[in-house]
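The structure appears below as structure tokens.
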Amino acid sequence: MSEKRTIDVAATQMLDKAKEIGFLTTFDRAKAQEPRCTFGNTGICCRICLQGPCRILPKKPGGNRGICGAADYTIVARNTVRYIAGGASAHSDHGRHIAETLLHVAEGKLKDYQVTDTEKLMRVAKKIGIETEGRGVMEIAKDVATAALDEYGRMHEEDLTWITSNCTDSRLEVLRKTNIMPTNINLSIAQLLHQTHVGNDSDPINIIFGGLKAALCDYDGMALATDLSDILFGTGVPVVTEANLGAIKADKVNIALHGHNPLLSQIVVKAAREMEGEAKAAGAAGINLVGICCTGNEVLTREGVAIATNFATQELAILTGAMDAMVVDVQCIMPSLRSLAECYHTKIVTTMPIMKIPGSYHLAFDEHNAINSAKEIIRLAIDAYKKRDAAKVCIPDVKNTVVAGFTLESLLNIFKQINADNPIKVLTDAIEAGEIKGVALFAGCNNLKGTHDENHITIATELAKNDVFLVATGCAAQAFAKEGLLNGEGVQKYAGEGLKKFHARLNAAAKLTTELPLVFHMGSCVDNSRAQELANMMAREMGLDNRDIPYVATAPEAMSEKAVAIGSWNVALGNPVHVGVVVPTVGSSLVNDVVTKIAEDVFGGFFFWETDPVKAAARLVEILDERNWKNAMRKKAIQAKEANQ
């Protein structure tokens, strides 16, 4: 019996096809890496200088430290925070690109972009202290964009604006007391890399605190990217679409939008609508756009574009034989796509100067002529369609209905139908009444150290039956989309009685054309900031610090540096974080204990590692129960004190 590689039926069919044609997918390459290096897996391999690599051998005289004398705890701490630096660089650079575009729009330099959501612009301006009264939209937009760009290079000692304007006062106090509040995104990341250079900091606690400062820069860059993307392209509202490889259409020109940057994908969506006639002239029934990874999530949230698949199975979209072009921007794009495309007619189109694949088409995306750039890409796909070999087309007849587009604003709009004056109270009242236990955020990627998508689905269904309100972002959300958890049927199949009652109340109030989903898809990986804003609102309404609210986060298949950064700022902001793979901190008991135990004393948030999804879900429920019990006891004590006065 073959080893189960994925729970996705469509992916299984495509993996069988890959075997038939002799193509080794990421699943095969993951298997070929086994057995994994124990030194690397546990974080005790150091490659920071050219004397190494050094590996820690605890029982070997001289081998229990690196050549420079670095102990296991120094090496593990340095390696861990360098993941954070990479993740923070990726997310913050994304935000910078969005901010620059908004600035150029405000200055009248970009004809193909505009301020789409002026209401969101006004809310963001007010939040960060920019005057709006009696001022024009573009004048305000320029100030908001300038404030965002100031986060990256300010030369004055002032806390980052998107952190101070979002977090609760009690949490800001914690960040300042622990000296991890950043003042400059670029500086914090550069200082962390300097701090971990050979011959520099060897104190693991100091190194970890430097990492947390950079992680907060990751959060800041994500928060401003989300806000400014909404301003430019519109804040998502509930949409109904579909997900899985069955969303690819045999009779249409199929274009996959893959990566993480909405600046290109939004324009491609617009251009595709204008070019249906050209596709039909080529013999197709029209143009069909599908999404992969977080670029897919961006256009899903705002435009209802269907999801084809998530990170680990991106190659399989090409294996259908019907993918005419895959347009990629940045992050999480496998170099193997180009070699697989050689077996088909598919064009791989890279568009960004920092992400190229040898042998692919590189059409540099020009923001000053965005619509023309997008049309050039689409015409390449139409030309490819003409060369498609119908004998190679094999699209799995597998897809599920998806209800998505749940930005914080759209979620609150549903709550407003029940409590117009204080919408977040709908959620906190349900928690305090015991109807639901709390909120769980699902974030992160795919990791083929386990069965693809299995951890996501198992943990979600276990939490649902325990009456936990579920929100998700990134490839985790796409796993739910493909498996049918982003629709009302998922509620009936998996939710506990309390959660069902809560959903029924929301459904009655929402007045949508379809039922609300089991898991609320909040967007791309940068949109984890939406989930944190939800947590902050819960804390304010409940009169608690974030360390006390019934809110947890889980990354069931964490994979990238970005996931490490996201998990780290969640911990700093008071959230317990589960990770479903063994991370490279276990090589040092000291560092491992700091992040899994001592962190809770300092921040209230902490990590725990658990590869068994059922056990992980049980622990998450236990944490929520414990926080709810403490809050109930605290409330009783206050009431008793007031009664005695």
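Any read-out appearing in this document is the output of simple, stated calculations on the displayed coordinates, not a laboratory observation. Since the structure is predicted, the reported quantities are computational estimates derived from the model, not experimental observations. When we count neighbours, we look across all protein chains shown, and the Cβ atoms used for this are built from the backbone with ideal geometry, even at glycine.
Some points to look at:
- Separation in nanometres of the label points that stand 7 Å from Cα toward Cβ, at residue 169 and residue 139: 3.2 nm
- Counting Lys and Arg as +1 and Asp and Glu as -1 over every other residue whose Cβ lies under 13 Å from the Cβ of residue 407, the net charge comes to -4.
- In terms of the mean number of neighbouring beta-carbon atoms within 10 Å, the peptides 190-197, 515-522, 463-470 order highest first as 515-522, 463-470, 190-197.
- Relative contact order, whole percent, for the chain stands at 16, derived from Cα pairs under 8 Å and 6 or more residues apart.
- Farthest toward the positive end of the dipole of the chain, out of 506, 75, 191, is the Cα of 75, where the dipole comes from beta carbon charges about the Cα centre.
- Fully extending the segment from residue 364 to residue 9 would add 124.2 nm, taking 0.36 nm per residue of separation and subtracting the current Cα-Cα distance.
- Long-range amide H partners of residue 559 with built H, under 5 Å: 445
- Long pairs among 213/636; 17/249; 126/356, criterion Cα-Cα beyond 30 Å: 213/636; 126/356
- Given charges at beta-carbon only (K, R positive; D, E negative), |dipole| of the chain in Debye: 1100 debye
- Protection-proxy order for peptides 114-120, 77-83, each taking the mean of Cβ atoms within 10 Å per residue, highest first: 77-83, 114-120
- Here each label is just a point 7 Å from Cα along the line to Cβ, and for residue 119 and residue 178 those points are 3.6 nm apart.
- Here the translational diffusion coefficient of the stretch 273-313 follows from Stokes-Einstein with Rh set to the Kirkwood radius across Cα pairs; for 20 °C and 1.002 mPa s it amounts to 191 µm²/s.
- Spin-label model, residue 24 to residue 132: label points 7 Å out along the Cα-to-beta-carbon direction sit 5.6 nm apart.
- Kirkwood-type radius of the stretch 25-89, with distances r between different C-alpha atoms, in Å: 13.1 Å
- Part-to-part distance (alpha-carbon centres) for the stretch 507-573 and the stretch 454-479, which is given in Å: 12 Å
- Computed E for residue 146/residue 191 - FRET, C-beta separation, R0 22 angstrom, nearest 0.05: 0.35
- Each residue of the stretch 478-490 was assigned a 3J(HN,Hα) from its phi angle through the Karplus curve 6.51 cos²θ - 1.76 cosθ + 1.60 (θ = phi - 60°); the sequence is 6, 4, 5, 4, 5, 9, x, 9, 9, 8, x, 4, x Hz, with glycine and proline shown as x.
- Residue by residue, the stretch 5-17 carries 3J(HN,Hα) couplings of 9, 8, 8, 7, 4, 5, 5, 4, 4, 6, 5, 5, 5 Hz when phi is fed to the Karplus relation 6.51 cos²θ - 1.76 cosθ + 1.60 (θ = phi - 60°); x denotes Gly or Pro.
- Sorted by Cβ density within 10 Å, fewest first, the residues 366, 421, 72, 453: 421, 366, 72, 453
- Efficiency of FRET between residue 390 and residue 611 - r from beta-carbon atoms, R0 30 angstrom, step 0.05: 0.10
- From its DSSP helices (H runs of at least four residues, each -39,500 (n - 2.57)), the chain gives a residue-normalised ellipticity at 222 nm of -16000 deg cm²/dmol.
- At q = 0.20, 0.22, 0.32 Å⁻¹ the log10 of I(q)/I(0) for the stretch 220-262 amounts to -0.88, -0.94, -1.12, computed by Debye summation with a single uniform scatterer per C-alpha, solvent ignored.
- 5 angstrom amide H check on residue 135, placed H, neighbours 5+ away: none
- Prolate/oblate/rounded label for the stretch 245-392 (Cα gyration tensor, a/c 1.5): rounded
- Reachable aspartates and glutamates from residue 111, criterion Cα separation under 12 angstrom, eight or more residues apart if same chain: 366, 367
- When both bridge partners sit in the chain, DSSP labels roughly 15% of those beta bridges antiparallel.
- Highest mean packing first, where packing is the average number of other Cβ atoms within 10 Å per residue, the peptides 375-387, 475-487 line up as 475-487, 375-387.
- Gyration tensor (alpha-carbon) shape descriptor, the stretch 239-285, a/c threshold 1.5: oblate
- For the stretch 400-644, the square roots of the Cα gyration tensor eigenvalues, ordered a ≥ b ≥ c, give a/c of at least 1.5 with a/b no greater than b/c, which places it in the oblate category.
- Charge sum, other residues only, whose C-beta stays under 14 Å from residue 609's C-beta, Lys/Arg counted +1 and Asp/Glu -1: 0
- All distinct Cα pairs of the stretch 72-233 go into the 1/r average, and the inverse of that average, the Kirkwood radius, is 16.5 Å.
- Full-extension gain in nm, residue 157 to residue 205, via 0.36 nm per residue minus C-alpha separation: 14.9 nm
- Dividing the Cα radius of gyration of the chain by 2.2 N^0.38 Å, with N the residue count, gives 0.94.
- Only Cα pairs under 8 Å and 6+ residues apart enter the sum, and on that basis the relative contact order of the stretch 272-347 stands at 21 percent.
- Reach of residue 493 by Cα under 17 Å, taken over lysines that are not fewer than 8 positions away in the same chain: 465, 482, 501
- Sequence-ordered 3J(HN,Hα) estimates for the stretch 188-202 from the Karplus curve with 6.51, -1.76 and 1.60 and θ = phi - 60° stand at 5, 5, 4, 5, 5, 5, 5, 4, 9, 5, 4, x, 9, 3, 10 Hz, glycine and proline given as x.
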